Amino acid sequence: MTDHFQPDARIDLHDRRPDAALALLEREIASGRYKGRILEVVHGQGRGVLREQVREWGRRSPQVKRIWEGEDYFLPGGGGVTVFFL
């Protein structure tokens, strides 16, 4: 299913504190430029703090229609990426 997966856009949150990363993510999605698109969010694996906060934010966001967790869909980057369908 994911052999030829290509997101429409990517946001890289590496090296950001969780509060700054979430503020950036929220601002970008609120801008409307990603509406109806597939957005790959690169948060890295690390200890998983940012990954969990990004995914929780996505579950609560009315703009996010579906979430793919990278490790579940064998996406490049594995658990270091989350895909939002907006």
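The values are calculated or read from the model by the stated rules, or taken from the named source; none is laboratory data. As the structure is a computational prediction, the values presented were derived from the model and not from experiment. FYI the Cβ positions are ideal-geometry reconstructions off the backbone, even for glycines, and counts take in every protein chain you see.
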Filter result for VAL49 (more than 13 Å from THR82 (Cβ to Cβ) and in contact (Cβ under 8 Å) with a residue 24 or more places away in the chain): yes
Those residues that are surrounded by 13 or more Cβ atoms within 10 Å (Cβ to Cβ), modelled with pLDDT of 95 or more and part of a loop (DSSP other than H, G, I, E, B), I need them from segment 45-62; list them, please. SER61
Qualifying residues in segment 1-25 (those that are in contact with a helix residue (DSSP H, G or I) (Cβ under 7 Å, 6 or more places away or on another chain) and not in a loop (DSSP other than H, G, I, E, B)) - the one farthest from PHE85 (Cα to Cα): PRO18
Would you say GLU28 is under 13 Å from VAL83 (Cα atoms) and out of contact with any helix residue (DSSP H, G or I) (no Cβ under 9 Å at 6 or more places or on another chain)? no
ASP72 meets each of (1) charged (D, E, K, R); (2) surrounded by fewer than 15 Cβ atoms within 10 Å (Cβ to Cβ); (3) not in a loop (DSSP other than H, G, I, E, B) with one exception, condition (3)
